Amino acid sequence: MALMFDGIHDGARALGLAVDHRMSGFWFTITKEDSAALHALSDPPDGYYGDQAEDPSARRRLEFEFERRRKRYRRALAAMQRVAQAVVLSVLPDGVQPGGLSIIHTHGSEDPLTPHYHVIVLLAPVAFDKASGRCRALLRWRSTEDREQLRAGWTAGFNRVMRETFGRDAVGELLNVRVGYHKSQGQARHTLNYELRAPLKDLMQGLTRPGVYEWRDKAKRLHERAIDRAEVMQFLTEFQDRRLRLNRYRQWGFLAPNVKGERLTVLGFQRVEDGDQGAGGEWSSLGTFALAYSDTGRGVAVMRRYDRTVEIPLSAFFADNPVGVGAGHSLWQRSSDVPP
């Protein structure tokens with residue numbers, strides 16, 4: 001995703017657009033009380049982790065009930081994502097199609113054993129005019145009126161989700177929305193790396209010694225809480241089971257999988273073609289490759305699968321020693337020889 005945002009920025013500059021940032025962000029928050037209610041939607045039913053070996057019908061009933069709860073949970077979270085995306089659109093110019101990511105976080109980086117839900121929307125610095133299909137720059141600056149509109153829209157939209165799900169409004173009167181932007185490549189990459197981090201990364205980093213979890217708040221004050229083995233085991237087990245088929249990360253707008261092929265070529269992207277697929281001009285996924293070795297001299301990682309090898313720039317990875325790369329919707333790259 002860092003390479004994607006780099007390519008969008010460079011492509012816009014090549015088109016002569018006056019882009020003044022690389023990525024903007026909108027952080028939509030809710031209270032911990034409402035977070036706990038949302039989280040409880042996907043709690044396993046009583047007895048789910050018990051032994052029903054001698055009663056298969058009881059096991060089936062528990063599985064059916066658990067999936068019913070998870071479906072309700074997934075619907076509520078998907079509705080939250082749609083609300084956040086719609087609210088962002090409300091402060092953009094009329095008739096444009098932006099490109100962005102929406103991400104659901106179920107726990108904060110502080111005390112990740114306590115549910116704290118929020119939605120993050122990261123937006124590219126350009127959008128497409130829907131009528132003409134031409135690309136235009138978006139301003140990074142947000143007025144006081146924009147910020148008030150974001151908060152009011154998010155509060156109203158999330159209240160609709162809560163009423164549909166629980167029959168009540170959210171706790172609190174006006175929910176908070178934080179807005180920011182990044183001008184440098186390093187800032188944008190840091191934010192992507194942080195917001196797309198592994199869901200359990202904060203917990204793993206904070207378990208500094210047996211039975212103790214440590215974290216620092218925004219003022220850098222150190223906190224700790226005692227955690228027993230059973231609590232962590234229960235958290236990990238339920239974390240895995242409750243997240244079944246949960247899509248916490250979405251690309252939307254001109255970054256949506258079914259739109260990329262039309263929009264990204266305008267910005268000088270080309271799709272990496274698999275020559276084994278036959279006719280030229282047909283764009284297809286390259287599949288999933290495992291790391292063979294990294295050639296730091298040439299700056300590439302050599303990736304292999306059973307039938308072929310590809311080289312990926314080391315800059316594509318956030319870690320020094322990548323363990324693999326997936327291309328579920330095909331790989332994209334900026335082409336330096338494509339004219340503006």
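The values are calculated or read from the model by the stated rules, or taken from the named source; none is laboratory data. Keep in mind that this is a model prediction, so the values were computed, not measured. Because the Cβ atoms are built from the backbone with ideal geometry, glycine has one as well, and the counts that use them run over all protein chains shown. Side chains are part of the model used for accessible areas, which takes the heavy atoms of the whole protein and leaves out ligands, DNA and RNA. Shrake-Rupley method; radii C 1.70, N 1.55, O 1.52, S 1.80 Å.
For this structure, a couple of remarks:
- Protection proxy ranking of 128-141, 7-20 - average other beta-carbon atoms within 10 Å, highest first: 7-20, 128-141
- Surface share of carbon and sulfur [accessible, 1.4 angstrom probe, percent] for the chain: 50 percent
- Every Cα-Cα pair in the range 151-277 was counted, and those over 17 Å apart are 80% of them.
- Relative compactness, the range 6-134, computed as alpha-carbon Rg over 2.2 N^0.38 Å: 1.51
- At full extension, T265 and R197 could sit 21.6 nm farther apart than now, given 0.36 nm per residue minus the alpha carbon distance.
- Summary of packing: across the peptides 253-261, 84-92, the per-residue average of other C-beta atoms within 10 Å ranks them, highest first, as 84-92, 253-261.
- For the range 1-51, fraction of C-alpha pairs farther apart than 13 Å, in %: 74 percent
- Between A86 and V212, the simple label model (points 7 Å from Cα in the Cβ direction) yields a spacing of 4.8 nm.
- The chain - Rg (one decimal) and Dmax (whole number), Cα, Å: 22.4, 70
- For the range 20-63, the list of GluC sites (Glu not before Pro) that fall in a loop by DSSP and count at most 16 other C-beta atoms within 10 angstrom reads E54.
- Multiplying the residue separation of D10 and Q240 by 0.36 nm and removing their Cα-Cα distance gives an extension gain of 78.9 nm.
- Label-reachable residues, the range 182-212, where backbone N falls under 12 Å from a point 7 Å from D146's Cα toward its Cβ: 182
- Modelled FRET efficiency - R0 51 Å, E63 with A292, Cβ distances, 0.05 increments: 0.80
- Available extension along the chain between D46 and A230 is 64.5 nm, counting 0.36 nm per residue and deducting the alpha carbon span.
- Using bins of 5 Å that start at zero, the share of Cα-Cα pairs per bin across the range 206-268 amounts to 4, 13, 12, 11, 10, 12, 9, 8, 11, 8, 3, in whole %.
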